[in-house]
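The values are calculated or read from the model by the stated rules, or taken from the named source; none is laboratory data. No experiment lies behind these values; they were computed from the predicted model shown. Quick reminder, even Gly has a Cβ in these numbers, built from the backbone with ideal geometry, and neighbours come from all protein chains shown. Just the protein is used for accessible areas: all its heavy atoms, side chains included, with ligands, DNA and RNA removed. Shrake-Rupley method; radii C 1.70, N 1.55, O 1.52, S 1.80 Å.
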Amino acid sequence: MSATGEVKRPVPPDIRARKGGTPLVVLTAYTTPVARLVDPHCDIVLVGDSLGMVVHGLPSTLGVTMEMMILHGQAVARGTAKSMLVIDMPFGSYEEGPEQAFRNAARLMVETGAAAVKLEGGVHMEETIAFLTARGIPVMAHIGLTPQAVNTLGGYRVQGRGEDAARIRRDAEAVARAGAFSVVLEKVPDALAREITNAIDIPTIGIGASVDCDGQVLVVDDMLGLFTSFRPKFVKRYAELGEEADRAIAAYAAEVRARTFPAPEHVFGEKVPGK
Ligand code: KIV
């Protein structure tokens, strides 16, 4: 709480200080109404580039643009008051080098009010993460399964099994060394996620990783049962809003066809003078 009685949002150093403490709660949001629903319950609301698949029906996150991120980021910012807002850097907006990354990260933060950006990559992003953090841009890193690299990874499979674990460990160490304030670990074996969480001094935020991570993130439409095109093993459905919506829409369609909607209470009469 601030001196004016307003709720103080956490900032990246607050999140970093939560290492080893009460697990961080993170959900995505893409619109104002959903942001209003998740904000009271979350430490961080992430405007994920998953919006390309979840909201825009794209086959992957590769087609997501800066303009899409900014539009949804602004919508989510209007719906959050208590949580910290983090926004994804879309594919192609940061990989060329630190200067390109700075230009686009600054634009995302200035135009949406986000407190930090998230970008995908480990060792090969170390220089960029260090460059951004030294210039006032807090970075949440994202390693393991990095969906923007789906074409080089050869699909959405678990990363870091067997000998490949060393690569993920190196990525985790690199992003921590570079100054990231937290790191998303996506789709890595439970034991590896636990080992990395114990080894690095920044919070790990798991998705398909381990209950021992310092926090968890899910795509909100997945956990509400609204996105049903496919269902990764790591998604727990806390509600079936898709089925509920289907029932409601079918009932509406039936009532329209039967002329039972609108009912008398939904229509207007003449205005009675003097009343
Ligand atoms: O884009 C996204 O929503 C994400 C989370 C699933 C971590 O990157």
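Can you list residue pairs whose Cβ atoms sit under 6 Å apart, with the first residue in segment 53-66 being open to solvent by less than 30 Å² (accessible area, probe 1.4 Å) and the second being modelled with pLDDT of 95 or more and of a type in the set (S, T, N, Q)? Count only pairs 6 or more apart in sequence or on different chains.
Between residues of segment 53-66 that are open to solvent by less than 30 Å² (accessible area, probe 1.4 Å) and residues that are modelled with pLDDT of 95 or more and of a type in the set (S, T, N, Q), the close pairs are THR61/GLN148; MET66/SER93.
Which one of TYR238, TYR156 is within 14 Å of the ligand (Cβ to nearest atom) and open to solvent by 30 Å² or more (accessible area, probe 1.4 Å)? Please lay out each step first, then the result.
Details: TYR238 fails: within 14 Å of the ligand (Cβ to nearest atom).
The unique qualifying residue is TYR156.
Being assigned to a helix (DSSP H, G or I), in contact with a Pro (Cβ under 8 Å, 6 or more places away or on another chain), in contact (Cβ under 8 Å) with a residue 40 or more places away in the chain and farther than 22 Å from ASN198 by Cβ is the requirement here; does GLU111 meet it? Before the answer, list the steps.
Details: assigned to a helix (DSSP H, G or I): yes; in contact with a Pro (Cβ under 8 Å, 6 or more places away or on another chain): no; in contact (Cβ under 8 Å) with a residue 40 or more places away in the chain: yes; farther than 22 Å from ASN198 by Cβ: yes.
When the stated conditions are applied, GLU111 does not pass them.
Just to be sure I understand, how many residues within segment 241-275 are open to solvent by 100 Å² or more (accessible area, probe 1.4 Å) and part of a loop (DSSP other than H, G, I, E, B)?
Final tally of qualifying residues: 6.
Just to be sure before I move on: is PHE230 loosely packed, with under 14 Cβ neighbours inside 10 Å and part of a loop (DSSP other than H, G, I, E, B) in the structure I sent?
On the way: loosely packed, with under 14 Cβ neighbours inside 10 Å: yes; part of a loop (DSSP other than H, G, I, E, B): yes.
The answer is yes for PHE230.
If I filter segment 182-193 for residues that are outside any loop (DSSP other than H, G, I, E, B), away from the ligand (no atom under 16 Å from the Cβ) and open to solvent by 20 Å² or more (accessible area, probe 1.4 Å), do I get at least one hit?
Start the filter on segment 182-193 by keeping residues that are outside any loop (DSSP other than H, G, I, E, B), which leaves 182-186, 190-193.
Right, trim to away from the ligand (no atom under 16 Å from the Cβ) and you get 190-192.
So of that shortlist, the ones also open to solvent by 20 Å² or more (accessible area, probe 1.4 Å) come out as 190-191.
Yes, segment 182-193 contains at least one residue that is outside any loop (DSSP other than H, G, I, E, B), away from the ligand (no atom under 16 Å from the Cβ) and open to solvent by 20 Å² or more (accessible area, probe 1.4 Å).
Could you list, in sequence order, the residues of segment 114-145 that are touching a helix residue (DSSP H, G or I) at 6+ places or on another chain (Cβ under 6 Å), touching a residue at least 60 places away in the same chain (Cβ under 8 Å) and open to solvent by 10 Å² or more (accessible area, probe 1.4 Å)?
Scanning segment 114-145 gives a single hit, PRO138.
For segment 24-52, which residues satisfy the criterion of being more than 8 Å from the chain's Cα centre (by Cα), of a type in the set (Ser, Thr, Tyr) and part of a loop (DSSP other than H, G, I, E, B)? Break it down into steps so the answer makes sense when it comes.
So the first thing to find is which residues in segment 24-52 are more than 8 Å from the chain's Cα centre (by Cα), and the list is 24-25, 30-44, 51-52.
The next check asks that each one be of a type in the set (Ser, Thr, Tyr); those that pass are 30-32.
Selection gives TYR30, THR31.
Can you tell which of GLY92, GLY122, GLY144, GLY79 is within 16 Å of the ligand (Cβ to nearest atom) and at negative phi?
Working: GLY92 fails: at negative phi; GLY144 fails: at negative phi; GLY79 fails: within 16 Å of the ligand (Cβ to nearest atom).
Answer to the selection: GLY122.
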